[in-house]
Amino acid sequence: MQTYAYGYPRLGRKREYKTLIEGFWQGKVSEAELTAGLEALEEERLAAYRRFVDRFPVGEMSLYDPMLDTALMLGLYPNGGRLEDYFALARGEGALELTKWFNTNYHYLVPEIRMDAGAPPPFRLAWNKPLEAFRKHPEGLPYVIGPYTFVRLSKGYPPEAFGEILRALLPAYGELLRSLRAAGAEAIHVDEPAWALDVPPEHVALIREAYTALGQEAALLVFTYYEAVDFLPSLYDLPLRGIGLDLLHGPGNWEALRRAGFPSDKILIAGLVDGRNIWKTELSRAAAQVEDLRRHTGAEIWISNAGPLYHLPVTTEAEAKLDPALQERIAFATERLKELRLLKALLTGEPDEEARRWNAYTHPVDRWQHPEVQERVRRLSPADFSREAPYEERSRRQRARLNLPLFPTTTIGSFPQTEDLRRARTAFRAGKLPAEEYEALIRERIRYVIQLQEELGLDVLVHGEFERSDMVEFFAERLEGFAITQHGWILSYGTRVYRPPILYGDVRRPVPMTLREITYAQSLTEKPVKGMLTGPVTMLAWSYIREDIPVHEVAFQLALAIQDEVRDLEAAGIRVIQIDEPAFRERAPLKRRDWPAYFDWAVKAFRLASRARPETQIHTHMCYSEFNEIIEYIDALDADVISIEATRSRGEVIQAFERHRYPRQIGPGVYDVHSPAIPTPESMEAIIERAIRVIPPERIWVNPDCGLKTRRWEEVIPSLRHMVAAARRLRERHGAPVPAS
């Protein structure tokens, strides 16, 4: 019995990864210091593996994103070895598109594979990153993203070219694998999570062809996760050393194993410890599952995590301020490694007293439940999931109330959070800054940003969200049923981090959450100021959620709390309310067959939260989603205005609206807020001009593609000035200022 773990966070206990790389960007950290710092951080990661498990991969560390690394390894982009060139692809003016990694909140950079003159690019092994890592740490297994996942998650090629591109990759992969075998690698860790997607039969044939060849080059351990592999038995005769399966989030894997067994000449790597949620594993149940596997196969079984551990914070050891009843029931990445050790002890007959103590804290506490919240959900009827008037009637009332020009301008919500503001928030939370001083600072920033927006000429304003550390955490701090960690940071993309709250009990809103700041901002201007809320699906998706009740009930509890906030904002005279749902597509199941059930409750949750008066204009925002796949569900949300990402995709998201006649208003993002580059008015106009081909001008808004919190004022102000200039030129070109409809 072996234990194997992978995906341990690269962030570090004190976010050293973020500090080092951002310090390099700012010129505060030299290239030598960056390299040395990341090597030290990698040693800490490997030390955690060595402490608890038998086997682990090496080479998982990345300067920004492993998909970008793979693209450079395969020669898809020039790689002169300069960090400036690397980071230009990640965050420069020509940066690659960002999108969600499967149905998680990690974002990856999307490689673009172009068919030049009808042929794939000349792939080659341009950078042998796995070999470099293995030579430094020969006790581990070299880590590689597999060819199928790389091509499936890339863009830019016609679907019919998929097989040709995959075949064109194989020589470079073969050279890579041979070099690792020659260097003494016992086996190679190959990540193929895309096998858990809907894989058509012709792709299954391509996978078999690819791995028939690659399996001859080296001993391969291929890992899939996040869902079941629908074609699992067809992998059994391939020359693979082992297959890693997610047995928590892929019930279909269990069915296949019980029906077809597993070949005795391969290692079955059983993912039994959750890599995505934080509740402790019931070790006795996991041990029983391993015994069940043994009954269905004569294969060697290794026990592992179900999915990479980078979706979890590093350790619970620093979370002493949590309710003890909660802290005793959670496990982060380090504790997941410990669980694998304890599970092995149970299965090998070693002393298991610690495992028994662990099992005692795997069930929720009764006091986390509130019968009145549960009753409110039970009383919901179909009428609770729709607005009081159809869109046409709402639009008429909103036009009269708002009187906006053609191509109205707005932002997504947040403005830069400077270092002094973050220091003040930290001091306030630590009790070192009086509440009145902190609140005065927030009001001063709100005053400034309202004045700035008016000077720039924006039409619908925001209050800047200076009081908010994170769009989910802010609301979680104000809702009962949530807990906030102190050091529970995880990566979202690049060096961007956030702390997922822990949703452990029934959700209640004791008092209004946003009223004070929004109404203060509105008192400073005659222009409409948006109320800014986070939607129920995103609150759920970006939190670690309870598992003792159905997920749709959790969503409806959240939606009712948000609905209460909407009604308070309306009563205070707020005319526009934005309910952000960037995780709407992200939370969707990987299998399309499961979409109807998910989108049924996800749409209902948004509609429940947004059940405003007809004259209140409801906006929603979504970013980095495959909109063309879900446009009918976005339509079903019945929001008056949606704002979406359209810059890194070069406006390609508009294709979704070429196929679906969207009947309401839309703001295709014209300003990439994830890059420090200042866009020109012409680049912004080009995106809107493309949108006008399929969406009438009177239904188009002009806005950035996401919030501005992470940008600097010296980038934001000229960018927004250019955005307003672009909108004015568009008005001149397409007609006199008229109210948006």
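The values are calculated or read from the model by the stated rules, or taken from the named source; none is laboratory data. No experiment lies behind these values; they were computed from the predicted model shown. So basically every Cβ, Gly included, is an ideal-geometry build from the backbone, and we count neighbours across all protein chains shown. Accessible surface areas use protein heavy atoms only, side chains included; no ligands, DNA or RNA. Shrake-Rupley method; radii C 1.70, N 1.55, O 1.52, S 1.80 Å.
Hey, among the residues in region 164-186 that are among the small types (Gly, Ala, Ser) and open to solvent by 10 Å² or more (accessible area, probe 1.4 Å), which one's farthest from Pro121 (Cα to Cα)?
Gly184
Do the conditions hold for Thr426, that is, is it within 30 Å of Ser719 (Cβ to Cβ), among the β-branched types (Val, Ile, Thr) and open to solvent by 40 Å² or more (accessible area, probe 1.4 Å)? Spell out how you get there, then give the answer.
Values: within 30 Å of Ser719 (Cβ to Cβ): yes; among the β-branched types (Val, Ile, Thr): yes; open to solvent by 40 Å² or more (accessible area, probe 1.4 Å): yes.
Considered against the rule, which asks whether it is within 30 Å of Ser719 (Cβ to Cβ), among the β-branched types (Val, Ile, Thr) and open to solvent by 40 Å² or more (accessible area, probe 1.4 Å), Thr426 comes out as yes.
List the number of the failed condition for Thr418; all other conditions in (1) at pLDDT 90 or above; (2) closer than 26 Å to His621 by Cβ; (3) open to solvent by less than 90 Å² (accessible area, probe 1.4 Å) hold.
Evaluating Thr418 over (1) at pLDDT 90 or above; (2) closer than 26 Å to His621 by Cβ; (3) open to solvent by less than 90 Å² (accessible area, probe 1.4 Å) leaves (1) as the failure.
Name the single residue, out of those in region 693-706 being open to solvent by 20 Å² or more (accessible area, probe 1.4 Å) and at pLDDT below 90, that is nearest to His660 (Cα to Cα).
Of the residues in region 693-706, the ones open to solvent by 20 Å² or more (accessible area, probe 1.4 Å) are 693-694, 696-699, 706.
The next check asks that each one be at pLDDT below 90; those that pass are 693-694, 706.
Numbers: Arg693: 13, Val694: 9, Cys706: 23 Å.
Selected residue: Val694.
Test Glu16 against the stated conditions and say whether it is closer than 22 Å to Arg712 by Cβ and charged (D, E, K, R). Steps first, please.
Numbers: closer than 22 Å to Arg712 by Cβ: no; charged (D, E, K, R): yes.
Spelling it out, it is not the case that Glu16 is closer than 22 Å to Arg712 by Cβ and charged (D, E, K, R).
Between a residue in region 74-97 that is exposed (fewer than 12 other Cβ atoms within 10 Å of the Cβ) and any residue that is in a helix (DSSP H, G or I), which pairs come within a Cβ distance under 8 Å, given they are 6 or more apart or on different chains?
From residues that are exposed (fewer than 12 other Cβ atoms within 10 Å of the Cβ), the pairs are Pro78/Asp85; Gly94/Ala88.
Quick one: in region 651-676, which of the residues that are touching a residue at least 24 places away in the same chain (Cβ under 8 Å) and in a helix (DSSP H, G or I) is surrounded by the most Cβ atoms within 10 Å (Cβ to Cβ)?
Initially, region 651-676 is screened for residues touching a residue at least 24 places away in the same chain (Cβ under 8 Å), giving 651, 653-660, 662-676.
Retained after the next criterion (residues that are in a helix (DSSP H, G or I)): 653-659.
On the way: Val653: 27, Ile654: 23, Gln655: 15, Ala656: 20, Phe657: 20, Glu658: 12, Arg659: 10.
The qualifying residue surrounded by the most Cβ atoms within 10 Å (Cβ to Cβ) is Val653.
Being in contact with a helix residue (DSSP H, G or I) (Cβ under 8 Å, 6 or more places away or on another chain), hydroxyl-bearing (Ser, Thr, Tyr), under 23 Å from Ala677 (Cα atoms) and not in a loop (DSSP other than H, G, I, E, B): is that true of Tyr77 here? Before the answer, list the steps.
Values: in contact with a helix residue (DSSP H, G or I) (Cβ under 8 Å, 6 or more places away or on another chain): yes; hydroxyl-bearing (Ser, Thr, Tyr): yes; under 23 Å from Ala677 (Cα atoms): yes; not in a loop (DSSP other than H, G, I, E, B): no.
For Tyr77, the condition - in contact with a helix residue (DSSP H, G or I) (Cβ under 8 Å, 6 or more places away or on another chain), hydroxyl-bearing (Ser, Thr, Tyr), under 23 Å from Ala677 (Cα atoms) and not in a loop (DSSP other than H, G, I, E, B) - is not met.
Which residue is surrounded by the most Cβ atoms within 10 Å (Cβ to Cβ), if the candidates are limited to region 454-464 and must be in contact with a helix residue (DSSP H, G or I) (Cβ under 7 Å, 6 or more places away or on another chain) and outside any strand (DSSP E or B)?
Taking region 454-464 and keeping what is in contact with a helix residue (DSSP H, G or I) (Cβ under 7 Å, 6 or more places away or on another chain), we get 456-458, 461, 463-464.
Now narrow it down to the ones that are outside any strand (DSSP E or B): 456-458, 463.
Working: Leu456: 17, Gly457: 14, Leu458: 22, His463: 30.
The qualifying residue surrounded by the most Cβ atoms within 10 Å (Cβ to Cβ) is His463.
Scan region 578-613 for residues that are under 17 Å from Ala196 (Cα atoms) and out of contact with any strand residue (DSSP E or B) (no Cβ under 9 Å at 6 or more places or on another chain) and jot them down.
Arg587, Ala588, Pro589, Leu590, Lys591, Arg592, Arg593, Asp594, Trp595 - these are the residues of region 578-613 that are under 17 Å from Ala196 (Cα atoms) and out of contact with any strand residue (DSSP E or B) (no Cβ under 9 Å at 6 or more places or on another chain).
Is one or more of the residues making up region 709-719 open to solvent by less than 20 Å² (accessible area, probe 1.4 Å) and in contact with a strand residue (DSSP E or B) (Cβ under 9 Å, 6 or more places away or on another chain)? Give the derivation first.
Within region 709-719, the subset open to solvent by less than 20 Å² (accessible area, probe 1.4 Å) is 715-716, 719.
Next, only the ones that are in contact with a strand residue (DSSP E or B) (Cβ under 9 Å, 6 or more places away or on another chain) stay: none.
No, because not a single residue in region 709-719 is open to solvent by less than 20 Å² (accessible area, probe 1.4 Å) and in contact with a strand residue (DSSP E or B) (Cβ under 9 Å, 6 or more places away or on another chain).
From the list Ser492, Ser523, which residue is without any contact (Cβ under 8 Å) to a residue 24 or more places away in the chain and surrounded by fewer than 21 Cβ atoms within 10 Å (Cβ to Cβ)?
Details: Ser492 fails: without any contact (Cβ under 8 Å) to a residue 24 or more places away in the chain.
When all the criteria are applied, what remains is Ser523.
Provide a single number: the residues in region 575-627 that are assigned to a helix (DSSP H, G or I), over 27 Å from Ala400 (Cα atoms) and not acidic (Asp, Glu). Give the derivation first.
Initially, region 575-627 is screened for residues assigned to a helix (DSSP H, G or I), giving 592-609, 627.
Then keep just the ones that are over 27 Å from Ala400 (Cα atoms); that gives 592-605, 627.
From what is left, the residues that are not acidic (Asp, Glu) are 592-593, 595-599, 601-605, 627.
Count: 13.
Which pairs have Cβ atoms under 7 Å, sit 6 or more apart or on different chains, and link a residue in region 573-597 that is closer than 21 Å to Pro528 by Cα to one that is open to solvent by 20 Å² or more (accessible area, probe 1.4 Å) and not aliphatic (A, V, I, L, M)?
Sorted first by the residue in region 573-597, then by its partner, the pairs are Gly573/Gln522; Ile574/Gln522; Arg575/Arg401.
Taking region 633-650, which residues are under 21 Å from Tyr598 (Cβ atoms) and either assigned to a strand (DSSP E or B) or at pLDDT below 85 (or both)? Outline the logic, then answer.
Just the residues of region 633-650 that are under 21 Å from Tyr598 (Cβ atoms), to begin with: 633-639, 642, 644.
Scanning region 633-650 gives Ile642, Ile644.
What residue, of Ile545, Ile549, is under 24 Å from Asn105 (Cβ atoms) and either out of contact with any helix residue (DSSP H, G or I) (no Cβ under 8 Å at 6 or more places or on another chain) or at pLDDT below 95 (or both)? Outline the logic, then answer.
Details: Ile545 fails: either out of contact with any helix residue (DSSP H, G or I) (no Cβ under 8 Å at 6 or more places or on another chain) or at pLDDT below 95 (or both).
Among Ile545, Ile549, only Ile549 is under 24 Å from Asn105 (Cβ atoms) and either out of contact with any helix residue (DSSP H, G or I) (no Cβ under 8 Å at 6 or more places or on another chain) or at pLDDT below 95 (or both).
Kindly check whether there is at least one residue in region 677-685 that is open to solvent by 30 Å² or more (accessible area, probe 1.4 Å), modelled with pLDDT of 90 or more and part of a loop (DSSP other than H, G, I, E, B).
For region 677-685, residues open to solvent by 30 Å² or more (accessible area, probe 1.4 Å), modelled with pLDDT of 90 or more and part of a loop (DSSP other than H, G, I, E, B): present.
For region 329-348, how many residues meet the condition of being open to solvent by less than 70 Å² (accessible area, probe 1.4 Å) and either over 30 Å from Phe482 (Cβ atoms) or not in a helix (DSSP H, G or I) (or both)?
9
Would you mind telling me which numbered condition in (1) over 19 Å from Ile188 (Cα atoms); (2) without any contact (Cβ under 8 Å) to a residue 60 or more places away in the chain Ile21 fails?
For Ile21, the exception is condition (2).
Among the residues of region 200-213, is there at least one that is more than 30 Å from Gly118 (Cβ to Cβ) and of a type in the set (Lys, Arg)?
no
Just checking, how many residues over region 36-68 are under 29 Å from Pro147 (Cβ atoms) and surrounded by fewer than 15 Cβ atoms within 10 Å (Cβ to Cβ)? Give the steps one after another, and end with the answer.
Initial filter on region 36-68 (under 29 Å from Pro147 (Cβ atoms)): 38-39, 41-42, 45-46, 49, 53-68.
Right, trim to surrounded by fewer than 15 Cβ atoms within 10 Å (Cβ to Cβ) and you get 39.
Here the count works out to 1.
Among the residues of region 375-415 satisfying the criterion of being open to solvent by 50 Å² or more (accessible area, probe 1.4 Å) and of a type outside the set (D, E, K, R), which is nearest to Pro528 (Cα to Cα)? If you could, list the steps in order and put the result at the bottom.
Of region 375-415, the ones open to solvent by 50 Å² or more (accessible area, probe 1.4 Å) are 375-376, 378-379, 382-383, 388, 390, 392-393, 396-397, 399-401, 403.
Narrowing the set further to residues that are of a type outside the set (D, E, K, R) leaves 382-383, 390, 400, 403.
Values: Pro382: 32, Ala383: 29, Pro390: 23, Ala400: 13, Asn403: 10 Å.
In this case the residue turns out to be Asn403.
Can you tell me how many residues within region 502-520 are among the aromatic types (Phe, Trp, Tyr) and open to solvent by less than 10 Å² (accessible area, probe 1.4 Å)? Talk me through it step by step, then tell me what you get.
We begin by selecting, within region 502-520, every residue among the aromatic types (Phe, Trp, Tyr); these are 504, 520.
From what is left, the residues that are open to solvent by less than 10 Å² (accessible area, probe 1.4 Å) are none.
Selection size over region 502-520: 0.
Any residue that is closer than 18 Å to Met73 by Cβ and of a type in the set (Phe, Trp, Tyr) - is there at least one of those in region 167-181?
yes
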